[in-house]
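The block underneath contains the structure these notes are about, expressed in structure tokens.
The values are calculated or read from the model by the stated rules, or taken from the named source; none is laboratory data. No experiment lies behind these values; they were computed from the predicted model shown. Just so you know, the surface numbers come from the protein's heavy atoms only, side chains and all, with ligands and any DNA or RNA stripped out. Shrake-Rupley method; radii C 1.70, N 1.55, O 1.52, S 1.80 Å.
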Amino acid sequence: MALVLNEEQRFLQDTAREFLTTNAPVEALRTLRDERNKTGYDSALWQQMSELGWASIILPEEYGGLDFGFLGLGVVMEEAGRTLTASPLFASAVVGASAILLGGTPSQKETLLPAIAAGETTLALALEEHNRHKPHSIATTAETTDDGYVLNGRKTFVLDGHSANQILVVARSAGNTGDSAGLSLFLVPGDAPGIQRQRTLMADSRNAANITLDNVAVGPEALVGEAGQGWSVLEPVLDRGRVAMAAEMMGIALECFERTVAYLKEREQFGALIGSFQALQHRAAFMQTQLELARSVVLQALSAVDETPEQLPLLASLAKARLNDLAQLVTNEAVQMHGGIGVTDALEIGFFLKRARVAMQVFGDTSFHKDRYATLCGY
């Protein structure tokens, strides 16, 4: 399992960095926030990203994809983290596409995957029902009818859920709340009768939504995977999402660190550059070591998606827990070293702090993944 990028992956990373730095700097996120953009991202930018092939990196060529592998997607996610780029890349091209790829019927794959690859269709996963990540604790119901299913329930923290064309709803068709058995996945059009979507503006100026399903009727063709066996699809989808989010957080931490070191070299206090203070040098050196350790973890987890999927659950939780801690450490230190101005709107460093705090909660915080890792290891 390689822990370095090959030539093609480095070229993709350089291309992504150049494109996003030019077309989607942090200032673009500030503009989206101030203008209260209705989608929360620049649709024209998303189309450009799709034309570059980023929405199709993990998809097979038969569906219009590049089949470039998950490690390739990871380098794009990292660069998106560096510029805090707002787009449906994570919700649609990572999570949604993975769900259809792993659990979809041939018809669903032929219809949806080329549209996702082209940036024409966006998906969002409606999973959470609590203020903490509890993927088994699903109370949303799916009752069988003569024509298919009727869905009822409430979802929260649905990333890009207010604007997605299709909502991938996790509902319980059997079993009790808290059981992994009995879960089913359904594709629901975003404008289906009985579905209400309330946009919520997060602390990081990105999008999530609260979704209510009130007697939403779907046909049997809406089922993704087998009825009651949705966890077998959902678990690897969540792990793919965790690894991709860890890659984005790696980019956030790297950019924060580099901006902070640059600030230490130019800010004067008591007649000296603050970068000359030994205490700050030690703190910066510690961050550097943690960044290098985290990079190895993320690369290994990204590689596992395609090369050793049997190791993915362990590595996904390891990567997410490690990057949660790293993002918290680096963004906290960045703000402290910048001083009071670090939390004001005048500097961009505060945007990284806020994005990190939201990303840390996506698909499980550190406590969740430490417990999961211990359970997987049999502790």
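Using a cutoff of 8 angstrom between alpha carbon atoms and counting only pairs six or more residues apart, the relative contact order for segment 123-195 works out to 34 percent. Largest GNM mean-square fluctuation across ALA359, ALA174, ALA118, computed for the chain with C-alpha springs under 10 Å, falls on ALA174. Would you mind checking the tilt of helix 106-117 against the longest principal axis of the Cα atoms of the chain, expressed as 0 to 90 degrees and rounded to 10? Helix 106-117 and the main axis of the chain meet at about 30 degrees. Computed in the context of the full set of protein chains, the accessible area of segment 281-344 at 1.4 Å probe radius has 57% of its extent on carbon or sulfur.
Diffusion coefficient (Stokes-Einstein, Kirkwood radius over C-alpha pairs, 20 °C, 1.002 mPa s) for the chain: 101 µm²/s, rounded to a whole number.
Rg/Rh, computed from the Cα trace of segment 1-157 with Rh as the Kirkwood radius, has the value 1.01.
Taking Cα atoms only, the orientation of helix 7-23 departs from the longest principal axis of the chain by about 80 degrees. Only alpha carbons enter this Debye calculation for segment 292-350, each as an equal point scatterer, and the log10 of I(q)/I(0) it gives at q = 0.31 Å⁻¹ is -1.13.
Of the Cα atoms belonging to segment 1-70, the radius of gyration and Dmax stand at 14.8, 45 Å. The Cα atoms of segment 266-379 cover 56, 27, 27 Å along the three principal axes, with the biggest extent listed first.
Between 0 and 90 degrees, the angle of helix 70-83 with respect to the longest Cα principal axis of the chain falls at about 50 degrees.
What separates the Cα centres of segment 82-122 and segment 1-63 is a distance of 14 Å. Accessible surface for the chain, divided over its residues, is 42 Å² per residue with a 1.4 Å probe.
Above 12 Å, the calculated P(r) of segment 38-92 contains 66 percent of its Cα-Cα pairs. Report the residue, chosen from ARG82, ARG267, ARG33, that carries the largest GNM mean-square fluctuation when the chain is represented by alpha-carbon nodes joined by springs under 10 Å. Comparing ARG82, ARG267, ARG33 in the GNM, the peak value goes to ARG267.
Segment 334-348 and segment 177-206 have Cα centres lying 35 Å from one another. Sorted largest first, the principal axis extents computed over the alpha-carbon atoms of segment 102-207 equal 39, 38, 27 Å. Element breakdown for segment 138-263 at a 1.4 angstrom probe: carbon and sulfur atoms account for 46% of the accessible area.
Taking the radius of gyration and the Kirkwood hydrodynamic radius from Cα positions alone, what is the Rg/Rh ratio for segment 204-321, to two decimal places?
1.20
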